[in-house]
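Inspection log for the structure reproduced underneath, given as structure tokens.
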Amino acid sequence: MANVLLSKNSKANDFFCSCCREGELDAAFMSQLLRFLGFTGLSSLTVTSGFRCPKHNRDEGGKDTSLHLVGRAIDSFAPTVQIKAIILDAAHHAGLNGIGLGSNFIHLDNREIPAKWTYPKKS
């Protein structure tokens with residue numbers, strides 16, 4: 001998907017798969033994301049990945065159990081330490097339990113069992 005802004009006017013079907021334009025975010029997850037956005041104090045955030053079909057998920061190196069496959073995960077552009085701190089704090093307050101920290105993005109999902117991880121830097 002091309003970068004999409006998560007804003008108070010976003011809809012679940014704004015976050016389709018970039019390769020096939022299929023899918024959408026889970027409605028409960030979308031509500032949680034809008035609550036999360038409110039906690040950031042920002043008017044919008046750039047989402048670089050939302051729903052993924054199985055092929056796109058494999059191409060991105062995603063696991064077969066990725067919550068992107070069922071519309072319960074996003075990756076948000078986070079180019080600075082300040083933006084990362086805002087996103088992490090808001091994710092905690094919104095109850096987003098899956099948090100993956102990359103060099104310039106943060107993965108967020110609503111898994112039941114909390115998990116935090118980092119992604120290796122790509123060379």
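Please compute the per residue accessible area over the chain with all protein chains in place, 1.4 Å probe, rounded to a whole number of Å².
Normalised by residue count, the accessible surface of the chain is 57 Å².
When the accessible area of segment 54-123 is computed with all protein chains present and a 1.4 Å probe, what percentage of it is carbon and sulfur?
That share works out to 57 percent.
Using θ = phi - 60° and the Karplus curve 6.51 cos²θ - 1.76 cosθ + 1.60, what whole-Hz ³J(HN,Hα) does each residue of segment 87-94 get, with Gly and Pro shown as x?
Rounded to whole hertz, the list is 5, 4, 5, 5, 4, 4, 5, 8.
Would you work out which of LEU69, GLY95, THR46 lies farthest towards the positive end of the dipole of the chain, given +1 charges on the beta-carbon of Lys and Arg and -1 on that of Asp and Glu, about the Cα centre?
My answer, from the dipole projection, is THR46.
Starting from the Cα of SER31, step 7 Å toward the Cβ, then list every residue of segment 76-109 with an amide N under 18 Å from that point.
Residues 93-97, 109 fall inside that zone.
Note down the nm distance, to one decimal, between modelled labels 7 Å out along Cα→Cβ at ALA85 and at LEU42.
1.4
Could you sort THR48, THR118, THR40 by accessible area so the largest value comes first, with the probe set to 1.4 Å?
THR118, THR48, THR40
I'd like to compare 87-96, 49-58: which one has the highest average count of other Cβ atoms within 10 Å, and what's the full order after that?
Ranked by mean Cβ neighbours within 10 Å, highest first: 49-58, 87-96.
The values are calculated or read from the model by the stated rules, or taken from the named source; none is laboratory data. All of these numbers come straight from a predicted model, not from anything done at the bench. Cβ coordinates were reconstructed from backbone atoms using ideal geometry, including for glycine residues, and neighbour counts include every protein chain displayed. Keep in mind that these areas ignore ligands, DNA and RNA; they rest on the heavy atoms of the full protein, side chains included. Shrake-Rupley method; radii C 1.70, N 1.55, O 1.52, S 1.80 Å.
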